[in-house]
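Inspection log for the structure reproduced underneath, given as C-alpha cells.
The values are calculated or read from the model by the stated rules, or taken from the named source; none is laboratory data. The model shown is predicted, which means the values in this text are computed figures rather than measured ones. Positions of Cβ are backbone-derived with ideal geometry, glycine not excepted, and every protein chain shown enters the neighbour counts.
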Amino acid sequence: MAIKAGDTSRDARSRKPYRLLSISVSPYCELVRWVLEKASVPYQETCSVPVLHFFANKCKGGGIDVPLFISNEVTLTEARQTIEYIDSRVPPALMLYPSDSALNTETQRLLDVFFAKLITSVSSFSYSYCLPEKALLMPVITYKAPSWQTCLVDRFYSKFRARMEQSLPAGMHLIDGFRKTIEEVFTEVDGLLKDGRPFLLGDQLTIADISFAAMTGPLLAPNNYGSPLPDPLRIPEPMRVFAESLRSRPAGRHALKLYREHRPRPQLEIDHHPASTTPESRLSYLKSRLIACATGSPVQLKVFAWLRKHKPVCMLGKTVIISRDADVREALARNTEFTIAEINAPNMLRLNGPFFLGMDASETYTREQGDTRKVIKPDESQLITAIAKKHCQALVNAALPIGRIDMVSNLARPAAARFIAEYFGVPGQSETRLMYWMRSLFYDLFINLNNDRSIQISAEIAFRELGPYLLDLIAERRKLAKKGQVGADFLSRMVDMQVKKQISLDDDGIRRNISGLIVGALDTTNKVSTSVVNLLLDHPDWLSQAKAVVDDEIAFRHLCFDVLRFDTMATVMRRYARNDIDIAGVRIPQGSNVFVATGSAMFDESAFPDPQSIKTDRPLDRYLHFGDGMHRCFGEYVNRIQVPIIVGSVVRLPNVRKHSTLLFDGPFPDQFVLAFDAQPAK
Ligand code: HEM
C-alpha cells in the first residue's frame, strides 16, 4: 500500500517542522513526543478532545488514530510506524532501536506485546474509571484543545462519554479483563528485570523501555508525564489501589525511574522550524524569490557570456566584474593587489575573531593555515569516504520504504551535519542547533551584503553559543589527549598536536580555526549537492549520463562538478583593489569592489571547450567552484568525496523524480522532496 504523501507547503517563515495532531493525554501521543524530544527533533503539536479529534485528523488525511504525524515526506497514522520513521532519521548515537540484530528482534517482540496488549488495556481501564467522573476528566481531555471543543464536550458530556465507552471500549463490566492483561505484561517485564539489568534489553536504553513507560504512564502517573493526568487524590479508590500495586512492582518502579531519568523536558512551543534562520514574512519571501529568479544562474550565465565577449573587465563606477578565465585566475593569483581582508575580515572579527579566509598574505596567514593543514593525514580520504557513505546510506535506507525523500532536510543537510560531528568532532548541543549555528553564521559572514540587522542578530546569537561550546569541547579533548586518548576526529587530533607542541595555536586559535572550517562545511555542501541533483532532474539526458557512470567513482565525480557549472554556489569571488591595478589592459582604480566571476570563467571556451556539454574528462583542478589562488577552498579534499557520495545516493534511487519544488530559507535550499519507486529497506 502506498504511504500517504506529506505536506510540502511552506510556513510563514520556513519549511514546516514535523506536526502531530494529537489527543494530549493519549499514551500513543506521549510515546511519539518522548521519541521526538529525546532526539531534540523540533515539532508542533495540535491537541484535540477525544472523539472531536476525528475532524482535525480528517482534514489532514487521517482517521481515528492518534497521533496523526505529518512531515514533508509522509503522513502517518500509526504510532509504531511514526516512531520508526523518526528514529531512522536521527543521528546514530540517538537511535532507540538497537542496531544489533538479535537485540532488534527482541525489541520488536516486546513492542508487539506492548502495542497489542498494554496500550489499549491501560487506556480502557483508566477511562472505565474516569469517564463517569466528569470533573476529574475534563481538565485532562481538554488540555491544549481549542475552546470550541471544550465547550462542546462540556455541554454534551453524556453523549461524549457514551461514544468513548463504545469506541474504546470501556466500562466497569470489562475492568477485570483489562486488569488481567496489564498484570500479565507487568509479570513479563518483572521477569526480564529479575537479573538486575538496568534496561529491558540489558545495558542499553531502547525504544522498548520508552514504550513501556509511556504506555503505562496514565496509570502509574509519573510527575513528568507529557500532559496532565487525573488528579491522583481524586481518582476512584479501586483504580488508585491498582495503580499503587503496579507502582510497587519492579516493572512499575522501572517505568517511574525511566520517567525520572530519561524523559526529556517538554520542548518549547515553536512557530517556525528552529534550524531555519530567515526572519521573513511570506511577502518578503516571495519578493526575495522573485529577485533570486530574476538574477539566478540562467540569467547570470547569459550576462557573463555577453561580458566575456564584449566587456571582459567591466567597470560600473567602483564595481568591477572580471569574466574571462585567464583574467579570473590572474586576479585570484595577484593576492597582494586584489585583497580579501577588506571584504571578509570586518564580519569575521565581529563574530569569530581572525580566520585565514579573512587574511591577506602574511606570516599569520601562513602559520594559521599551515597549522590547520598539518592536521590532515595522507590517507584522510578513506576516513572521509567511510563517514560520508555511512550517513548517506542510513538516510537513504530510511527513505526506501516510503518512496519519498527530502533531499535537503533528510539527506544533504543532516549528512553534512553528521560529517561535521564525526569528522571534525563537533556535534553541537543538538543537530538542529548545529544547523542553526552554521547557517546563520555563514549567512552573515558571506552573503549578508546589505548588513541586514536581523541576519546579524541571528549570527550573533549563534556565535555567543558556539564560542563557549567549542572552548569547553577543546578543554575536554585536551584532558583526553593528556591521558593518551585521542579520537580520530579533526578537533581531537588538532588538540593533541597542540599538547605535543607540533602546532603553535592556543585554545582560542583552535576555536577560531575549527569554527571557520565547520561554518564553511554545512550549507555549502547542502547547496552544491542540491543544485547538482536539481540540474540532473531538469535534464533527463544529463541524468541518464549520470546513471551510466554512477558506479565509476572518478567519472561520476567529474560529472558532478561539470554539471555544477550551471548553478555553482559562488559565481563570484569578492576582492578589493588595494591600488590602481592593470589587468587585461584595463586600469582598475584603487578602492574598487572587484567581482572575480569564477562562474563565468567555467564557460570560457578557451579553458572549457564545448562549455555547454557535460563532460567527464575535464581536469578537476580547472574547476573554480572552490575558488583559486591562495584562498582556494581548504575543504576541497572533503568536497571532492562528499558531494558525489550525496548526489550518487539520489541518482541510484529507482525512477527518481521531483515531488515538490525547491524551497529556500533565505539563499539556502531548505526543502526539496523527491519521489521514487519505494522498496524494502536494505
Ligand atoms: C561543496 C562545498 C564547498 C564549497 C562550494 C566551498 C567553496 C569555497 C570557496 C569558493 C572558497 C574561496 C573563497 C574566496 O576565495 O573568496 C572557499 C574557501 C574556503 N573553504 Fe570552502 N567550500 C566548500 C566546503 C568547504 C568545507 C567542507 C570546508 C572545511 C573543511 C571549507 C573550508 C574553506 C576554507 C577554510 C576556505 C578558506 C581557504 C583560505 O582562505 O585559504 N569549505 N570555499
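Here are the numbers:
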read-out: Residues of region 611-622 satisfying the condition of being farther than 22 Å from Lys547 by Cβ and in a loop (DSSP other than H, G, I, E, B); value: Pro611, Pro619
read-out: Hits in region 118-135 - residues which are in a helix (DSSP H, G or I) and either surrounded by fewer than 17 Cβ atoms within 10 Å (Cβ to Cβ) or of a type in the set (Ser, Thr, Tyr) (or both); value: Thr120, Ser121, Ser123, Ser124, Ser126, Tyr127, Ser128, Tyr129, Lys134, Ala135
read-out: Selected residue (criterion: nearest to the chain's Cα centre (by Cα)) from residues of region 536-581 that are within 23 Å of Gly629 (Cα to Cα), more than 16 Å from the ligand (Cβ to nearest atom) and of a type outside the set (A, V, I, L, M, F, W, C); value: Asn579
read-out: Pair list, Cβ under 6 Å, 6 or more apart: region 159-188 residue under 9 Å from Ser121 (Cβ atoms), other residue assigned to a helix (DSSP H, G or I) and among the basic types (Lys, Arg); value: Thr181/Lys117; Val185/Lys117
read-out: Criterion: touching a Leu at 6+ places or on another chain (Cβ under 6 Å) and within 15 Å of Lys117 (Cα to Cα) - qualifying residue of Ala243, Ala208; value: Ala208
read-out: Subset of region 494-515 (residues that are more than 13 Å from Arg373 (Cα to Cα) and among the small types (Gly, Ala, Ser)); value: Gly509, Ser515
read-out: Pick from region 585-616, criterion closer than 30 Å to Pro346 by Cα and of a type in the set (Gly, Ala, Ser), ranking: nearest to the ligand (Cβ to nearest atom); value: Gly599
read-out: Answer residue from region 348-406, given it is surrounded by 21 or more Cβ atoms within 10 Å (Cβ to Cβ), away from the ligand (no atom under 14 Å from the Cβ) and of a type in the set (D, E, K, R) and is nearest to the chain's Cα centre (by Cα) among those; value: Asp406
read-out: Leu192 in the same structural domain as Val32 (by TED's automatic domain parsing), out of contact with any Lys or Arg (no Cβ under 8 Å at 6 or more places or on another chain) and assigned to a loop (DSSP other than H, G, I, E, B); value: no
read-out: Number of positions in region 503-542 that are outside any helix (DSSP H, G or I) and polar (S, T, N, Q); value: 1
read-out: Residues of region 622-645 satisfying the condition of being without any contact (Cβ under 8 Å) to a residue 40 or more places away in the chain and either of a type in the set (A, V, I, L, M, F, W, C) or near the ligand (Cβ under 6 Å from one of its atoms) (or both); value: Phe626
read-out: Near pairs, Cβ below 7 angstrom, 6+ apart or cross-chain, from region 532-555 (under 18 Å from Asp617 (Cβ atoms)) to any residue that is outside any helix (DSSP H, G or I) and hydroxyl-bearing (Ser, Thr, Tyr); value: Val549/Thr616; Ala555/Thr616
read-out: Residue count for region 1-54, restricted to those that are aliphatic (A, V, I, L, M), closer than 16 Å to Glu84 by Cβ and not in a loop (DSSP other than H, G, I, E, B); value: 5
read-out: Identity of the residue in region 566-582, of a type in the set (Lys, Arg) and either surrounded by fewer than 22 Cβ atoms within 10 Å (Cβ to Cβ) or free of Cβ contacts under 8 Å to residues at least 60 places away in the same chain (or both), that ends up nearest to Asp523 (Cα to Cα); value: Arg574
read-out: Check on Val495, touching an Asp or Glu at 6+ places or on another chain (Cβ under 9 Å) and not small (Gly, Ala, Ser); value: yes
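Quick grid of which residues meet (1) charged (D, E, K, R); (2) in a helix (DSSP H, G or I):
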site	(1), (2)
Leu229	no, no
Pro232	no, no
Leu256	no, yes
Glu261	yes, yes
Pro264	no, no
Asp271	yes, no
Leu286	no, yes
Arg289	yes, yes
